[in-house]
Amino acid sequence: MNDPEGYVLLATILLPLATAFGLVAVPSARRDIVNVVSVLVGLVLLGLSIFVFVAYQVGEGLQFNLQIDWIENVGFLGENGITLHLGLDGISAPMMLLNGIVASAGALVSTKIQHRTKDFFILFWALVAGVFGTFCALDLFFFFFFYELAVLPMYLLIAVWGSTNKEYGAMKLTMMLVWASTFIFIGIFATFTEAGLGTFDLPALYGAELSPEFQKIFFPFMAIGCGVLSGLWPFHTWSPDGHVAAPTAVSMLHAGVLMKLGAFGIIRLGIQLMPEGAQFWMPGLMILGMTNVLYGAISAMAQKDLKFVIGYSSVSHMGYVVMGLATMNVVGMNGAVLQMFSHGVMTALFFAMVGAVYDQAHTREIAIFGGLAKITPRFAAFFTIAGFTSLGLPGMSGFVAEVHIFIGLFRSYPLFAGLAVLAAAITAAYILRLLATAFFGPPNPRWEGLRDLNRRETVAGAALIASILMMGLWPAPFIDRIVPTVESILRVS
């Protein structure tokens, strides 16, 4: 039976897709129409994502179900072989909200793009549709379809509108992610064959009898295939290069949302589909996650470019997500999902601010800035809030997420918990040093002509800050939705 609310999920996918196709008919010279349409679509998607998050009923399992038959009783497929099955649980609800927030902010800051604006937004909205589809897809075929729809536009978005070795960054990102997708592809068809149900429907596959040996063999295919997108060490090297090369809004979506698709895939296709394989491999995933955290933090400390600092910081913070998932306890996994949301809005704010200053200064070298707090006070305040979120200041979303992860780690892996706390101290060191160097001290006369954030950048940044403070000061709506889903996953495993 389909829920009426399920059509809201369908709307979050079809609206950006329809916008992408509709913009084809708009003359390229009419940037004003393209910008107005894109901002309005972003606001509608934000409203839909807020509705989805608020309307989700705490503790009631899968909701917003919508199942539309597509291919059935053909060849090796059974009665419900491939269906457009959409639905939400307590993990995907906050991820839908995250995508709505970041996509609307990204659309707002992208209105300043002058070069081939229409083409940019066509690819931008295709990417956003893929992300929404992945977060709510409950069919393996469509999960993979939307996953690829979210990833593939990145090549052109970076190669055409990027900067700083943009062709290299775009090609490296694409090659790494396509290579990783082959692992997911193999895992999907192996699971379909092993289950023998003739369907790609995920709820049906979750109840299938997959042998322990099969799960132990194929869990790494899912975990690594999805983990590459989340920046999992040692397959992370595409990520900082991609962050630096991408235009502002694409960096926001790349780090803020796309990397979460990888972690989300580890949950959906790894832990939920192969729980015994997850239990077997989680110590190894914990080691990789810990390497992410320390390596990313130490590498960020050595960077001289603002975007590279944030890029390696993202690798480090996504390591916390992996470690939280690897605890396989309620507190740690809850912290991992909270970190996915927190890091998403925080890093989107970081990149929005860096893009605002780079468009004027045409440099991101930290050492040549100085005293920006006096020259551009609003920019400095917004960037500082993102920095405080990154280092886990109480009252910010990062604190709520990291506390849960640390508690979960101390319960399952005390040694790794100590190392994670050490990495948090390193994060505080490089963030505070960056703020002291670039924003405080005597102003550099070279930058006296810099303007502060414009109205669109201010609104986008304020929306992201509101999300950070909302979770930091009132985390209950997130925790109440996430915990029952995590508990149900762990009961199965």
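The values are calculated or read from the model by the stated rules, or taken from the named source; none is laboratory data. This is a predicted model, so every value here is computed, not measured. Positions of Cβ are backbone-derived with ideal geometry, glycine not excepted, and every protein chain shown enters the neighbour counts. We work out accessible area using only protein heavy atoms, side chains counted, and drop any ligands, DNA or RNA first. Shrake-Rupley method; radii C 1.70, N 1.55, O 1.52, S 1.80 Å.
Overall form of the range 1-147: oblate. Here a/c, set by the Cα gyration tensor axes a ≥ b ≥ c, is 1.5 or more, and a/b is not larger than b/c. Taking all protein chains together and rolling a 1.4 Å probe, residue 359 ends up with roughly 70 Å² accessible. Determine, from the Cβ-Cβ distance of residue 193 and residue 14 and an R0 of 45 Å, the FRET efficiency 1/(1 + (r/R0)^6), rounded to the nearest 0.05. Approximately 0.90, to the nearest 0.05. When a/c is below 1.5 the answer is rounded, else prolate if a/b is larger than b/c, else oblate, so apply that to the range 241-392 with a ≥ b ≥ c taken from the square roots of the Cα gyration tensor eigenvalues. Taking the square roots of the gyration eigenvalues as a ≥ b ≥ c, the range 241-392 is prolate.
Can you work out D for the chain in µm² s⁻¹ from Stokes-Einstein, where Rh is the Kirkwood radius over C-alpha pairs, the temperature is 20 °C and the viscosity is 1.002 mPa s? Answer, rounded: 96 µm²/s.
In a solvent-free Debye calculation with one equal scatterer on each Cα, what is log10 I(q)/I(0) for the range 352-425 at q = 0.15, 0.18 Å⁻¹, listed in the order of the q values? With one equal scatterer per Cα and no solvent, log10 I(q)/I(0) is -0.66, -0.78.
A straight line joining the Cα centroids of the range 1-42 and the range 319-357 runs 28 Å.
Placing a pseudo-label 7 Å from each Cα along the Cα-to-Cβ vector at residue 116 and residue 2 gives an inter-label distance of 3.7 nm.
Could you give the length gained on full extension between residue 40 and residue 374, defined as 0.36 nm per residue of separation minus the Cα-Cα distance, in nm? Roughly 116.8 nm would be gained on extension. The relative contact order of the chain, computed from alpha carbon pairs under 8 Å that lie at least 6 residues apart in sequence, is 16 percent. Scoring 309-315, 352-358 by mean Cβ neighbours within 10 Å over their residues and listing the highest first yields 309-315, 352-358. If one takes the longest principal axis of the Cα atoms in the chain, at what angle in degrees, from 0 to 90 and to the nearest 10, does the Cα axis of helix 166-195 lie? Compared with the principal axis, the helix lies near 20 degrees. Taking 19 Å as the straight-line reach from the Cα of residue 166, the aspartates and glutamates in range (excluding those fewer than 8 positions away in the same chain) are 119, 241, 305, 359, 365. Please report how far the C-alpha centroid of the range 391-431 lies from that of the range 274-292, rounded to the nearest whole angstrom. Going from one Cα centre to the other spans 19 Å. Taking each of 216/307; 118/307; 260/374; 112/304 in turn, the alpha-carbon distance tops 32 angstrom for 216/307; 260/374.
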